[in-house]
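I have placed the structure first, in the form of C-alpha cells, so that the comments after it can refer back to it.
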Amino acid sequence: MINTPYDPSTWRDPATEHEHHALSPMLRQYYELKRGSAETLLLMRVGDFYEAYGEDAVSVAGLLDITLTKKDAGPVGKIPMAGVPYFAVDEYLRRLVSAGRRVAIGDQVEDPKQAKGVVKRAVTRIVTSGTILDPGVLDEKRNNYVMCLVRSRTHTGVALADVTTGEFIATDFATESEEAAEQKAIDELLRWRPAEVILDGELPTLLEILAAENITHSPFRAPSDVDAEQTLREYYGVASLLGFGVTARTAAMRAAGGLMAYVQDTQRTRAVAFGQLRLYSVDDVMVLDQTTRRNLELVETLIGRERRGSLLWALDECVTSMGARLLRTWIERPLLSLESIAQRHDAVAELVEKLDRTDALRSELARVLDVPRLLSRAVYGTANGRDLLALADSLDRLPSIAAAGENLQARILRDLIDRLDFLEPLRDRLTHALNPDCPATVRDGNLIRAGYHAELDELRDVRTSGKRRIQEMEEALRERSGIRSLKIGFNNVFGYYIEVTRANLASVPPDFIRKQTIANGERFINEELKAYEERILGADERIKTLEYALFTELMGAVTEVQETIRSNAEKLATLDVLGNLAYVAARGGYVRPQIIEDNVMTVQGGRHPVVERVLKTPFVPNDLHVDSEGDRLLIITGPNMAGKSTYLRQVALIAIMAQMGSFVPATSARVGVIDRVFTRVGASDDLHLGQ
C-alpha cells in the first residue's frame, strides 16, 4: 500500500493547453518531456533527487513502496509527487525495470549556475529491460537480448542485440501462411528468450506467450527498406551494406535497422556499442521447438524452471561468464554441418588428451573478467575506474593464455590462439593511468595515478601545500590573538572559517569578519584565509574536473579499439567452452561420437548426463540402435516410473551433445546428423530429483 498523506485519485494529469499553462515552469517542463511517452515513466532530476509527478508519481511510489507526497501546482491544485535520491537512482531503476516498466531519465543539460530561469532538461536515456546496463540486474551467465520482429507479406525478419556485449544478429525466413509465420516467430522467440521484444504487426498467440513468459514488449512501426539501410550505413560508416549480406534479405535488414534505431533512441546522448551485424540461418542448426526444449530440460527444469537439473547445469564448468553464455547458445543451437562439428570434436579430443595443457589454459582464463560487458560500459560511458582496471587486468592475461595454448594443434584452437591481439598499448596506458585503488565513483577524484599527467600533479601539489599552509596559519593566529582554543575548520556550506569560543570573543583581532554564530561561539573569516580558501577549493574542483576528463579520454581509447576487444572476447569465450567440454568429458568418462551423413544412431553403454550427476548410485548404462533400413521405429514399454522417459530423454540429449560439439556419456556412439528432435515425455517427471 502506498504511504500517502492525501488521496491521489482526486488528481488527473493536465490534459489541455490551458491546464498546462497553469502549471509552474518546472512542472510544464516535466510534462513537455513526458509528452509522447504515455507508457514510459519519467524521472526528472531536480536538485539531489529524481522526481516524478502526477500519474507517474503514483506508479513510481507503488512500484518502489516509497512515500507519495504532494507538490503545489498553482491554480491546478496539489499534484502527486514521488522522488528518489540521485546517488541511488540505479537501484530504483533496477526495480522499476524488473517490474516491466520503461523509465525515461530527464537530466539537467546546462549548468544551473549559468541558467536563466528554469534549468534546461532533456531526456538523456530510456531504460528498458532489454537495454539496461546495470550489472546488478543482469545474469552473468546468460545474454540479455532485445528482439525485433518485422512482418511482410512473404517474409518475417528477426534481429537480436545484447547491448551489454555488443552482439548483433539477424535473420529472415519465408512464411507460407499467417499461422506458419507466427509459429516460426514463436520458435525464434523461445529459442533466444529475449528480455524485451519490439513487434511490428499483430501476432495474438505470440503476445499471449510474451505475457505468460513475462517478457516486456512494445509495438513499433518498422522502417522502410530505405530507412533501415540508411540507419545501418550511418552507424557503420559505410557507403554500402553489400559486405554485410543483408541487402538481398530485406526483412532481416528492416528488423536490424529497426532494432538499431530503437536502441539509439533509448540511449539518446550515449554512443551505441554494437559489433558487426551478422546474419544467421535457422536452417543451419537443429530444430528444437519449445515443447522439446522444455521437456528435455536443456537450460532449465520442467518443474520450478531452475538451472540445477538441466543439461546446461550438468555441462557448465566454464571459468568465465562469457564462456557460460556461449555454452548456453551451443546447447540451444546444435550444428548440422559435419565439418563444423568435427572441428569442435577435434579440439575437445586434443584438450582431453593433453589435460595438463587444458588445466593451464583454464587456470589463465579464470583470471579474465567479463570483457564484453566491461567494454560496453566503457563505450556507453557508464564505466567506472574499477571497470577499466578490470579490463586492463584481463588484457594482461592474453600473453599467458597464448603461452598456455602454445603446443595445441587442433585447427580451431590454433586459429583462436594465433589471432589473439594483446593490445599492449591500451593495456599499458590503462595500467599507467589508473589508480589501483579507484573509487566506485568517477566525479570525486582519486582516479588517476600520480605521474600520469603533469598539470594534475601540479594541482595536487597546490592542494597539499595549501592545506599545510592552513595548519600553519592556524598556529600563527593562535599566537597573534592569544586564543589557544582557536581553530580553523571547514564545511561544504560555509567553506573555511576561524572558530572562537564565546569565552574568547573579547580577544578577537579587528581584521576578523564575523561569518556565523554557533551555540558556543562565533565563526569568522579574514582576507588571508579567504585567499587560501579560493586557491585550495579551486584546486580541488579543477582536480576533479581534470581527472574526469582524463578518465573520459581513457574510455575513448577503449572505444577506438572496441572491435578488437570484442573479437578477443569471442575467442576467449570459445576457448573456455572447448576447455570446459574437455574437462567435463574427462571427469564424466565421455567419448567422442562418430558423426556421419546417414539415418542411423547407435549408442553403446549410454547414460543420462544429468541423472548420473545427481545419483549417489551408479547409473545403469543401456544401448540403442536405430537405422533407416531395419530398426527405424522403436516402441518403449513398461510400467509407470520404470525409466521410459529417462531413456527417451537420454537418447535426445546424447544427439544434442554430439552435434553441439561435446563428447557424450557412453562407451561408443555413432550418430547420423539429426535435423530435428521431437519430444513430449514424462510431463510429471523431475529426473534430477530421482522422480
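The values are calculated or read from the model by the stated rules, or taken from the named source; none is laboratory data. A quick note: this is a predicted structure, and the numbers were derived from the prediction, not measured. With ideal geometry, Cβ positions are generated from the backbone for all residues, glycine too; neighbour counts draw on all protein chains shown. Note: accessible area is taken over every heavy atom of the protein model, side chains too, but ligands, DNA and RNA are not part of it. Shrake-Rupley method; radii C 1.70, N 1.55, O 1.52, S 1.80 Å.
Numbers for the structure displayed
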read-out: Kirkwood Rh in Å, taken over all unlike Cα pairs in the stretch 629-668; value: 11.9 Å
read-out: Relative contact order, percent, the stretch 160-297 [alpha-carbon distance under 8 Å, six or more residues apart]; value: 36 percent
read-out: Share, in percent, of DSSP beta bridges within the stretch 158-243 that are antiparallel, nearest 5; value: 55 percent
read-out: Percentage relative contact order, the chain, counting C-alpha pairs under 8 Å, at least six apart; value: 12 percent
read-out: Candidate residues 294, 357: accessible-area rank, largest first, probe 1.4 Å; value: 294, 357
read-out: Base-10 log of normalised Debye intensity for the stretch 314-440 (one unit scatterer per alpha-carbon) at q = 0.09, 0.22, 0.23 Å⁻¹; value: -0.32, -1.37, -1.43
read-out: Rule-of-thumb Rg ratio for the stretch 82-137 [Cα; 2.2 N^0.38 Å; N residues]; value: 1.31
read-out: Paramagnetic reach from residue 537 in the stretch 490-525 [backbone N under 17 Å; point 7 Å along Cα→Cβ]; value: 490-499, 513-517, 523-525
read-out: Estimated inter-spin distance, residue 291 and residue 480, nm [label 7 Å along Cα→Cβ]; value: 9.2 nm
read-out: Antiparallel bridge percentage (DSSP; both residues within the stretch 23-171; nearest 5); value: 85 percent
read-out: Virtual paramagnetic centre 7 Å along Cα→Cβ of residue 236, amide N under 17 Å, in the stretch 548-564; value: 562-564
read-out: With DNA, RNA and ligands ignored, accessible area of residue 548 (1.4 Å probe; Å², nearest 10); value: 60 Å²
read-out: Alpha-carbon centroids, the stretch 204-280 and the stretch 155-199: separation in whole Å; value: 11 Å
read-out: Amide N of the stretch 113-133 lying under 19 Å from the label point, which is placed 7 angstrom from the Cα of residue 37 along Cα→Cβ; value: 119-133
read-out: Cα gyration tensor, the stretch 345-386 - rounded (a/c under 1.5), prolate or oblate; value: oblate
read-out: Distance from the stretch 45-86 to the stretch 284-317 (C-alpha centre basis), Å; value: 44 Å
read-out: Beta bridges per DSSP with both ends in the chain, % antiparallel, nearest 5; value: 75 percent
read-out: Shape parameters for the stretch 551-691, alpha-carbon atoms, Rg then Dmax in Å; value: 20.3, 69
read-out: Förster-model FRET efficiency, 25 Å R0, residue 514 and residue 71, C-beta, rounded to 0.05; value: 0.10
read-out: Which label in [x] -0.82, -1.15, -1.31; [y] -0.79, -1.05, -1.16; [z] -0.94, -1.24, -1.38 gives the computed log10 I(q)/I(0) by the Debye sum over Cα atoms at q = 0.09, 0.11, 0.12 Å⁻¹; value: [z]
read-out: Whole-percent carbon and sulfur share, accessible surface of the stretch 249-385, 1.4 Å; value: 44 percent
read-out: Within the chain, helix-based [θ] at 222 nm, where runs of 4 or more DSSP H residues each add -39,500 (n - 2.57), nearest 500; value: -13500 deg cm²/dmol
read-out: By accessible area with a 1.4 Å probe, ligands and nucleic acids excluded, highest first: order of 644, 34; value: 644, 34
read-out: Per residue, in Å², the accessible surface of the chain once ligands and nucleic acids are set aside, probe 1.4 Å; value: 46 Å²
read-out: Eligible lysines near residue 113 by straight Cα distance, threshold 20 Å, same-chain separation 8 or greater; value: 544
read-out: For residue 92, solvent-accessible area (1.4 Å; no DNA, RNA or ligand), Å²; value: 50 Å²
read-out: Ranked order, 625, 432 - accessible area, probe 1.4 Å, largest first; value: 432, 625
read-out: Cross-link partners of residue 571 among aspartates and glutamates (Cα-Cα below 16 Å; sequence separation of 8 or more within a chain); value: 167, 364, 370, 396, 406, 415, 418, 421, 563
read-out: Heavy atoms of residue 429 accessible to a 1.4 Å probe, total area in Å² rounded to 10; value: 90 Å²
